[in-house]
Amino acid sequence: PLEETQSVNLSGCKHIDKDGFELLANTITGKLRCVEFEDCERIQDESANRIMRSCENSLEYINFAGCSKLTNRTVFSIVAHGNITITSLILNRCPWLKDDAIILITSACQNLWQLGVSQCSGLTSEGLRAISFSKSLRTLDLSLNSALTDEVLAAIIDSLALLSSLDVSGCENISDEGVSNIRRVRNLSSLDLSGNMTLTDRSLVVLASECPQLISLKCMMLPNISSKTVQTIATYCSSLEDVDLSYVSLLDDIGLRMLVRRCGGLKVLNLAWCESLTPRGLKYISEFSMSLETLNVSHTNIGDNELEAIADNCGKLMTCHAVRCQHISLAGALRFIQVASSKSLRRVDLRRNFHKAEPKDLKRFDAIRSVTILY
């Protein structure tokens, strides 16, 4: 049955054992192009190697994220049997991954355009620096690696002229200086800086002024970023479609108004835990963000009037998160869902809002079949 299959996805299948993977290796053919084994906790080198051999020079996409029982031997097998064809390799959360394996990958896999090494505690700065040899990379995930320093980051970005997407979230040893250097990546369209809590306005202003081509910018949990800097981002990066400012506690109404007014093409906006925003500021979303598809206003001061305005004016909204918003009433939530679901709304999260409501009243949510409602 798998002779003509080009893609196998077993992600999250934690109970498949050696026999199961052996059966897979015996069944697949050289036509397989994509294998996803994320969080398959029981896969081991022997099984992975057999699968690599069965797909000699056909695999293009490989995902072994979270496969904790593998070792560098699997990487050697990947290179031996697929170095010509592999374009995407995801090894996130693989603590066994060592420097010599990364050095081998980046020197041998010359067609690699996507690499994920998030939270790989076995890598040192030497291994991360070797990524600079992979000249064809477009998408790179370096998040949650304490070995990433300003110097190593500079070496990487100066060598990867084609890079368009970079994730350095949760990298505790990069500073404003290192982040400012990212401005030299001329093709960058997506950047994630979330959780780098020492960053200040200085680096974000430099980035915004020299990276007007950004489409996605994630700045979750950057407590030192001011609302004025958000205005600067909006001024220079008007093409933004995906913005995450959750937990940016200094963001105020003026900053949000500038963002949604200047970035009229916003499709994804996360403002969770932006506690300085008032209901008036949150209403700017409905006035300017007509293209919005996903919105997160959890733990904010949004109320019934603002939700109603969003339902009326944001006709493309498909997903809304409004967890623990104390100014949303049951009646207001129902009105929002009824109006928005007649347009595009398909999922809404309203948990922790109605703890005082009667169970019979909450059952009114269940009558709305077209929307997945969490309450």
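The values are calculated or read from the model by the stated rules, or taken from the named source; none is laboratory data. Just so it is clear, the model here is predicted, and its values are computed rather than measured. Note: ideal-geometry Cβ built from the backbone for every residue, glycine included; neighbour counts use all protein chains shown.
Points worth noting:
- Filter result for Arg53 (in a helix (DSSP H, G or I), more than 26 Å from Thr139 (Cβ to Cβ) and in contact with a His (Cβ under 9 Å, 6 or more places away or on another chain)): yes
- Verdict on Asn196 being more than 18 Å from the chain's Cα centre (by Cα) and of a type outside the set (A, V, I, L, M, F, W, C): no
- Any hit, the stretch 230-243, residues being aromatic (Phe, Trp, Tyr) and over 18 Å from Gln213 (Cβ atoms): no
- In the stretch 65-80, the residues that are in contact (Cβ under 8 Å) with a residue 12 or more places away in the chain reach residues that are among the small types (Gly, Ala, Ser) with C-beta atoms within less than 7 angstrom, at least six apart or across chains, in these pairs: Ala65/Gly116; Leu70/Ala48; Asn72/Ala101; Thr74/Ala48; Val75/Ala101; Ser77/Ala48; Val79/Ala108.
- Of all the residues in the stretch 30-89, those that are among the aromatic types (Phe, Trp, Tyr), surrounded by fewer than 22 Cβ atoms within 10 Å (Cβ to Cβ) and either under 26 Å from the mean Cα position of the chain (by Cα) or under 13 Å from Val8 (Cα atoms) (or both) number 1.
- Contact map, the stretch 107-133: first residue acidic (Asp, Glu), second residue assigned to a helix (DSSP H, G or I), Cβ cut-off under 6 Å, separation 6 or more or different chains; pairs are Glu126/Asp99.
- Residues in the stretch 312-350 that are among the small types (Gly, Ala, Ser), within 22 Å of Glu275 (Cα to Cα) and more than 23 Å from the chain's Cα centre (by Cα): Ser329, Gly332, Ala333.
- Among the residues listed as Thr87, Thr124, Thr71, the single one being of a type in the set (Ser, Thr, Tyr) and under 23 Å from Leu153 (Cβ atoms): Thr124
- The residue that is modelled with the highest pLDDT, counting only those in the stretch 21-41 that are touching a Cys at 6+ places or on another chain (Cβ under 9 Å) and farther than 16 Å from Leu70 by Cβ, is Arg33.
- Extreme residue, nearest to Asp39 (Cα to Cα), among residues of the stretch 81-135 that are of a type in the set (Val, Ile, Thr) and touching a helix residue (DSSP H, G or I) at 6+ places or on another chain (Cβ under 6 Å): Ile102
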